[in-house]
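The values are calculated or read from the model by the stated rules, or taken from the named source; none is laboratory data. Just so you know, these numbers come straight off a predicted model, no measurement behind them. Counting neighbours? That spans all protein chains shown, and the Cβs are built from the backbone with ideal geometry, glycine included. Surface accessibility is based on the protein's heavy atoms, side chains included, excluding ligands, DNA and RNA. Shrake-Rupley method; radii C 1.70, N 1.55, O 1.52, S 1.80 Å.
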Amino acid sequence: MTSSLDLLDRWIALAGPDSAHFGAGIIARYAEPHRRYHTVEHLRVMLAAIDELADSATDIDAVRYAAFFHDAIYAVDRADNEERSADLARDVLESLGAGKELVAEVVRLVLLTRGHDSEAGDANGAVLCDADLVVLGGDPDSYAAYAAAVRVEYGHVPDDLFRSGRAAVLRAIANQPVLFRTAAARARYEERARANLAAELAQLTG
């Protein structure tokens, strides 16, 4: 597990030293006790993936800000986490004096993580969504750990309801023509991600 310090260093590099208290507050949200997958480790992995895909973005700062904010508010019993996270992004960035165009782009990107359905030509959206989904393309053990962590986060949901709901989510992802929108992520993760999705679906519905 990464410490929060390296993430704070990354935030300060992005937003400046005067923003440290904002960054610390955002990062602390990812350490909330109810989280098992949507944690500081997820944020670290996502930022690393964004680094790898950075050449595909047109505004890499906006993408990195969106990563910090995309799961800043996460409650498993609510359906508006992305909207509330986007509102938080707007409030924080405006407090930091960010330009209107940057604020609008970060808000748009955070909202895009609701369905990871970036449109053709949306370079920033493609990088952010691909980074959020790299967990799908992990090795079988890593994927199994991810799936188990998601189940723990939804521990209050009965098995039958969780299985049907989770299967519906996975089918929606698997039915997309491509899972990853950037060429680099598609080449690296697509095949393995589809195999992982198929294996979990088989377990859920078998």
Sort Tyr154, Tyr65 from largest to smallest accessible area, using a 1.4 Å probe on the heavy atoms of the protein chains. Tyr154, Tyr65
Divide the volume of the convex hull of the Cα atoms of the range 2-64 by its number of residues and quote the answer in cubic angstrom per residue. 82 Å³
What is the calculated FRET efficiency for Lys100 to Ala202, with r their C-beta to C-beta distance and R₀ = 41 Å, to the nearest 0.05? 0.30
Cα-based equivalent ellipsoid, the chain: semi-axes from gyration tensor eigenvalues, Å: 28, 20, 15
Rank-order 69-78, 107-116 by packing density, defined as the average count of other C-beta atoms within 10 Å over each peptide's residues, highest first. 107-116, 69-78
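Can you give the Rg to Rh ratio of the range 1-114, both from alpha-carbon atoms, with Rh computed by the Kirkwood formula? Please list the in-between numbers first.
Values: Rg = 13.1 Å, Rh = 14.1 Å.
Taking Rg over the Kirkwood Rh, I get 0.93.
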Counting Lys and Arg as +1 and Asp and Glu as -1, what is the net charge of the other residues whose Cβ lies under 12 Å from the Cβ of Glu52? -2
Sorted largest first, the Cα spans of the range 68-113 on the principal axes come out in Å as 33, 18, 14
Radius 14 Å from Cβ of Asp77, net charge of other residues (Lys, Arg +1; Asp, Glu -1): 0
Give me the 1.4 Å probe accessible area per residue for the chain, excluding ligands and nucleic acids, in Å². 49 Å²
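Please give the per residue volume of the convex hull enclosing the alpha carbon atoms of the range 143-206, rounded to a whole number of Å³. If you can, show how the numbers build up before the last one.
On the way: hull volume 5.4 nm³, N = 64.
Roughly 85 Å³ of hull volume per residue.
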Taking θ = phi - 60°, what integer Hz values does the Karplus form 6.51 cos²θ - 1.76 cosθ + 1.60 yield along the range 151-165, in sequence order, with x for Gly and Pro? 4, 5, 4, 9, x, 7, 8, x, 3, 5, 5, 5, 4, 5, x
